[in-house]
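Engineer: Pasting a structure below so you can have a look.
Laboratory data are not the source of any read-out in this text; all were calculated from the coordinates shown. Here the structure is a predicted model, which means the values were calculated and not measured. Glycine gets a Cβ as well: all are built from the backbone with ideal geometry, and neighbour counts include every protein chain shown.
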Amino acid sequence: MSSRPPFAHLTGWGSYAPSLVLTNHDLEAIVDTSDEWIMSRTGIRERRIAAENETTASLGAVAGRRAVAVAGLDPADLDLIIVATFTPDYLMPSTAALVKEAIGASRAAAMDVGAACSGFVFAYSVAHAHILAGLARHVLVIGSEVLSRFLDYTDRNTCVLFGDGAGAVVLSAAETRGGASGIELTTDPSGAYKIWVPAGGAAAPASDGTISGRAHFLRMDGRETYRYATRTIASTALAAIDKAGWAPESIDLLVPHQANMRIIESVSKGIGFPMERIFINLDRYGNTSAASVPLALTEAVATGRVHPGDRIVFVAFGAGFTSGAIAMEWTADPAASARADAIAPEDVPVRIPDEWDSVGPLPAVLARAFAARGIDTAGHPVPTEVIA
Ligand code: ACO
């Protein structure tokens, strides 16, 4: 065990979003909805979809390897890898174990954390605590989701909201001030069955009935979830800011869970915080659950929205109900973002099982939607002579 460092700096960041883009217009052909309804109620224009050979582990491995490169570390420097997800490749092993192998992190322990859309913030807090306890010096925290495999594309209430993606950060032990100063985590099980996946666990194992009842897909009471989110996000963010001993007006950037534009606007009002200081990219990705905050953070840094010395707040809410916020001080050089460019998806392949050939099937309804636009399910444009 190493000595106890006083701080855990955020030293690396990275993301990966699949190249397949599913637009609101594509969804109009799948369920009874419209681009106008989705845009006006949520602010989402399009979302990414994992191609047929992509999984939660493969998305997370690319984002994670990029974050390690940005931190200027070798994967062997990592002591711990935590993957936040509710769409793991398998119930076991952990998705983190598959990521560890893919990125070549020879020494790291690896585990998953489940707190749905708050998962990244919860996992960040675990990484922070490991470092401050002297259990680890470098921890990779990944939020990765392939929600498209858990959505019911006959249910317009849910299938328009979510997308696939991954984001990651590296936390490193440091002697100088920086990193998280205030962390707030909450869990309110009164909402346990307001957003959930009923079947596939020990309470309702897979059966003909669970399959025909579409019980392996995400179900959500949208209005109740909306109420919870608007009640909780501002108070959770304010609690983390208060624990840091900061005034809300001293926060330079808020990176909220990207679920719904109207929820983000209500947070802005709740904290009395201008929209210009809130980073938003949900129009292009939809709700990517645990990937949402680190995916947004990585874009915020790459587009010049983050500077050394900035006070930044991450805030998320999700199934459970859970909510979490981190008030942190940024110390890294944003120019290090460029190091992520050296990592391509083919550099970090996830090993697939020997005796199992159905890894990564794309839902047929999505394959048809992409085919209608001349895109094959591996995510490549079909050559024009084939279309003709
Ligand atoms: N297209 C067209 N109409 C729709 C669609 C759609 N895609 N979805 C729902 N509708 C209809 C409903 O059926 C309803 O019709 P009805 O009145 O005839 O029954 C009508 O639109 C209005 O429904 P509301 O629920 O009132 O719509 P609302 O304005 O609340 O928006 C929404 C719905 C966007 C789902 C909102 O409630 C919301 O954002 N909730 C929070 C969801 C969320 O953030 N979930 C993520 C949680 S994080 C996690 O852990 C995964």
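Engineer: Rounded, prolate or oblate: which fits segment 197-250, taking a ≥ b ≥ c as square roots of the Cα gyration tensor eigenvalues, rounded meaning a/c under 1.5, else prolate when a/b beats b/c? Mind dumping the intermediate values first?
Structural biologist: On the way: a/c = 6.29, a/b = 3.08, b/c = 2.04.
It comes out prolate by the Cα gyration axes.
Engineer: Can I ask one more? What's the magnitude of the charge dipole for segment 39-139 around its Cα centre, counting Lys and Arg as +1 and Asp and Glu as -1 at the beta-carbon? Answer in Debye, nearest 20.
Structural biologist: Values: 9 positive and 9 negative charges, 71 e Å.
About 340 debye.
Engineer: Identify, among 159, 86, 182, the residue whose Cα sits farthest towards the positive end of the charge dipole of segment 60-186, taking +1 on the Cβ of Lys and Arg and -1 on the Cβ of Asp and Glu, with the dipole about the Cα centre.
Structural biologist: Of the listed residues, the answer is 182.
Engineer: Helix 222-244 versus the longest principal axis of the chain: what is the Cα-based angle in degrees, 0 to 90, to the nearest 10?
Structural biologist: With rounding to tens, the tilt is 20 degrees.
Engineer: With springs only between Cα atoms under 10 Å apart, run a GNM on the chain and tell me which of 228, 285, 90 wobbles the most.
Structural biologist: Looking only at 228, 285, 90, the biggest GNM fluctuation is shown by 90.
Engineer: Moving on. Normalising by the residue count of the chain, find the relative contact order in percent from Cα pairs under 8 Å and 6+ residues apart.
Structural biologist: Numbers: 949 pairs, mean separation 97.8, N = 388.
This gives 25 percent for the chain.
Engineer: With the cut-off at 1.5 for a/c, could you classify segment 1-112 from its C-alpha gyration tensor as rounded, prolate or oblate? Provide the component values of the computation, followed by the final result.
Structural biologist: Working: a/c = 2.78, a/b = 2.13, b/c = 1.31.
Verdict is prolate for segment 1-112.
Engineer: By average Cβ neighbour count within 10 Å, what is the ranking of 126-136, 68-78, 272-282 from highest down? Could the numbers behind the result be given before it?
Structural biologist: Details: 126-136: 18.7, 68-78: 21.1, 272-282: 16.0.
My ranking of the peptides, most packed first, is 68-78, 126-136, 272-282.
Engineer: Still on this structure: Using all C-alpha to C-alpha distances in segment 7-372, build P(r) with 10 Å bins and read off the rounded percent in each one.
Structural biologist: In order of increasing distance, the bins hold 6, 26, 36, 24, 7, 1 percent.
Engineer: Can you give me the Cα centroid spacing of segment 1-57 and segment 127-173 in angstrom?
Structural biologist: Segment 1-57 and segment 127-173 have Cα centres spaced 10 Å from each other.
Engineer: For the chain, with only Lys/Arg (+1) and Asp/Glu (-1) charged at the beta-carbon, what is the dipole magnitude about the Cα centre, in debye rounded to 20? Could you put the intermediate results ahead of the total?
Structural biologist: Details: 30 positive and 42 negative charges, 187 e Å.
Taking the Cα centre of the chain as origin, the dipole is about 900 debye.
Engineer: Towards the positive end of the charge dipole of segment 7-372, with charges on Cβ (+1 Lys, Arg; -1 Asp, Glu), say which of 336, 233, 371 has the farthest Cα.
Structural biologist: Result: 233, furthest along the dipole toward the positive end.
Engineer: Looking at segment 300-375, which GluC sites (Glu not before Pro) are DSSP coil and have at most 13 other C-beta atoms within 10 Å of their C-beta? Let's see the in-between values first.
Structural biologist: Numbers: sites: 329, 346, 355; in loops: 355.
Here the GluC sites (Glu not before Pro) that fit, given the DSSP loop and packing criteria, are 355.
Engineer: While we're on this one: At q = 0.14, 0.18, 0.21 Å⁻¹, what is the base-10 log of I(q)/I(0) for segment 153-287 according to the Debye formula with one equal point scatterer per Cα and no solvent? Please give it to two decimals.
Structural biologist: With no solvent term, the Cα-only Debye profile gives -0.84, -1.18, -1.37.
Engineer: Before rounding to the nearest 500, sum -39500 (n - 2.57) across all DSSP H runs of length at least 4 in the chain and divide by the residue total; then give [θ] at 222 nm in deg cm²/dmol.
Structural biologist: Values: 13 runs with 122 residues, N = 388.
Estimated from H runs of four or more residues: -9000 deg cm²/dmol.
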